[in-house]
Amino acid sequence: IGPDFIHSVEQVESTEQEQKSVKDALISAYEKNISTRLKAELCNSDVNSGMNAKEPSARNDKSEQWCTSWWHQFKVLLQRGVRERRYEAFNRLRIFQVISVAVLGGLLWWHTPASHISDRIALLFFFSVFWGFYPLYNAVFTFPQERRILIKERSSGMYRLSSYFLARTFGDLPLELALPTAFVFIIYWMGGLKPDPVTFILSLLVVLYNVLVSQSLGLAIGAILMDVKQATTLASVTTLVFLIAGGYYVQQIPAFIVWLKYLSYSYYCYKLLLGVQYKEDDYYECSKGVWCRVGDLPAIKSMGLSHMWIDVSIMALMLVGYRLIAYMALHRVRLR
């Protein structure tokens, strides 16, 4: 390494230090001289009097007076979010991806006879797996991609974190639930599952419930790590564990690790879908002229079809818990 190169490196380092010091000086000058006055001009007269009495360093304090109400912030953020993400949620690639998988799955399970109960169970597990992992991977990218704009807008005091988070949550509902609804409409009837309107509606509700829980976990992972690569890696490991412990591939899990399946929302979704389609006292034609009890089938016996409301409650706890974790993780994001 020649001396000229070392000299150029030292010049670059000194230039970076100067730029950093200039940036810090500008931020400090803004905080002291402009921030309070500028924000007071944007607020109404009542808030203006309160803002003038504050010290400039208190602009991010919890007792800060907001220029707009929480409800107004929520409405504006909700409208902006829906307008931004409707093209992402309903782009041609995603629609083609979901519809093609639904049609292909419907052709593979085309009008499965009631006697082929193993194939029907496999289709129900496919429901829980596909709509347990697909929304998760989409949700993982949410907060890491919006990190810069979130920091910029929150550091300028534009809105509360709670209004942003709830607007993001409610704005995603119609966008994220439309495609799984179309998916279930296609593959349910093509697959020849129980042709009962009530059973179909309950199966659809279970799938949509699973979508919300998996999306919540994806939001939590993305908010905690705030890095796309790390979040994707953790999501891959998590989904693999949930897939194996979902109750379909391994029916007799060793006692020392059996607790793992109770962490998997795919396990509860799969169990609920089985409970909607079958009762333990139902019978199916296990061989020609021989009828067997559904509850005695090993795949269903290992899962059990009782205490469905407990499974619904556990998934509700997961739904709320994952979103609370995501919200608390966003509080840790530094605004500088």
### Query
Are any residues in region 282-336 more than 23 Å from Leu205 (Cβ to Cβ) and β-branched (Val, Ile, Thr), and if so, which ones?
Val290, Ile325, Val333
### Message
Whether any residue in region 124-133 is part of a loop (DSSP other than H, G, I, E, B), at pLDDT 90 or above and within 30 Å of Tyr249 (Cβ to Cβ) is what I want to check.
### Response
no
### Query
Does Ile6 satisfy the condition of being loosely packed, with under 12 Cβ neighbours inside 10 Å, at pLDDT 75 or above and in a helix (DSSP H, G or I)?
no
### Task
Please give the number of the condition Arg147 fails out of (1) over 20 Å from the mean Cα position of the chain (by Cα); (2) touching a residue at least 12 places away in the same chain (Cβ under 8 Å); (3) under 30 Å from Thr36 (Cβ atoms); (4) open to solvent by 80 Å² or more (accessible area, probe 1.4 Å).
(1)
#### Entry: Residue in region 248-275 that is surrounded by the most Cβ atoms within 10 Å (Cβ to Cβ), counting only those that are among the small types (Gly, Ala, Ser) and part of a helix (DSSP H, G or I)
Ser266
### Ala25 being in a helix (DSSP H, G or I), at pLDDT 85 or above and more than 30 Å from Gly171 (Cα to Cα)
yes
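Here is a yes/no grid of residues against (1) modelled with pLDDT of 75 or more; (2) exposed (fewer than 11 other Cβ atoms within 10 Å of the Cβ); (3) farther than 13 Å from Gly157 by Cα:
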{"site": "Glu10", "(1), (2), (3)": "no, yes, yes"}
{"site": "Ser14", "(1), (2), (3)": "no, yes, yes"}
{"site": "Gln17", "(1), (2), (3)": "yes, yes, yes"}
{"site": "Lys32", "(1), (2), (3)": "yes, no, yes"}
{"site": "Ser35", "(1), (2), (3)": "yes, no, no"}
{"site": "Lys39", "(1), (2), (3)": "no, no, no"}
{"site": "Ala58", "(1), (2), (3)": "no, no, no"}
### Query
Just one of the numbered conditions (1) at pLDDT below 80; (2) open to solvent by less than 50 Å² (accessible area, probe 1.4 Å); (3) of a type in the set (Val, Ile, Thr) is not true of Thr112; which one?
(1)
### Message
Can you pull out every residue in region 140-186 that is among the polar types (S, T, N, Q) and part of a helix (DSSP H, G or I)?
### Response
Thr142, Gln145, Ser155, Ser162, Ser163, Thr169, Thr181
### Message
Return the pair list, or none, for Cβ contacts closer than 8 Å from residues in region 67-92 that are closer than 11 Å to Arg168 by Cβ to residues that are open to solvent by 100 Å² or more (accessible area, probe 1.4 Å), at least 6 apart or on different chains.
### Response
Leu78/Phe170
### Task
Evaluate region 252-267: report whether one residue or more is more than 18 Å from the chain's Cα centre (by Cα) and closer than 21 Å to Ile117 by Cβ.
yes
### Query
Taking region 111-123, which residues are within 18 Å of Ser203 (Cα to Cα), out of contact with any helix residue (DSSP H, G or I) (no Cβ under 6 Å at 6 or more places or on another chain) and not in a helix (DSSP H, G or I)?
His111, Ala114
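Residue-wise test of (1) of a type outside the set (Asp, Glu); (2) in contact (Cβ under 8 Å) with a residue 60 or more places away in the chain; (3) buried (at least 24 other Cβ atoms within 10 Å of the Cβ); (4) part of a helix (DSSP H, G or I).
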site	(1), (2), (3), (4)
Tyr188	yes, no, no, yes
Lys194	yes, yes, no, no
Thr199	yes, yes, no, yes
Leu205	yes, no, no, yes
Asn210	yes, yes, yes, yes
Ser214	yes, yes, yes, yes
Thr233	yes, no, no, yes
Gly246	yes, yes, no, no
### Task
Identify the residue in region 279-336 that is assigned to a loop (DSSP other than H, G, I, E, B) and in contact (Cβ under 8 Å) with a residue 40 or more places away in the chain and, among all such residues, is most open to solvent (accessible area, probe 1.4 Å).
Arg334
#### Entry: Residues that are within 29 Å of the chain's Cα centre (by Cα), free of Cβ contacts under 8 Å to residues at least 60 places away in the same chain and under 17 Å from Leu273 (Cα atoms), drawn from region 104-135
Phe126, Phe130
### Task
Could you tell me whether Ile117 is in contact with a strand residue (DSSP E or B) (Cβ under 8 Å, 6 or more places away or on another chain) and more than 16 Å from Phe185 (Cα to Cα)?
yes
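The values are calculated or read from the model by the stated rules, or taken from the named source; none is laboratory data. Owing to the predicted nature of the structure, the values given are computational and were not obtained by experimental measurement. Methodologically, a virtual Cβ is constructed for each residue, glycine included, from the backbone with ideal geometry; neighbour enumeration extends over all protein chains shown. Areas reflect the complete protein model, heavy atoms only, side chains present, ligands, DNA and RNA absent. Shrake-Rupley method; radii C 1.70, N 1.55, O 1.52, S 1.80 Å.
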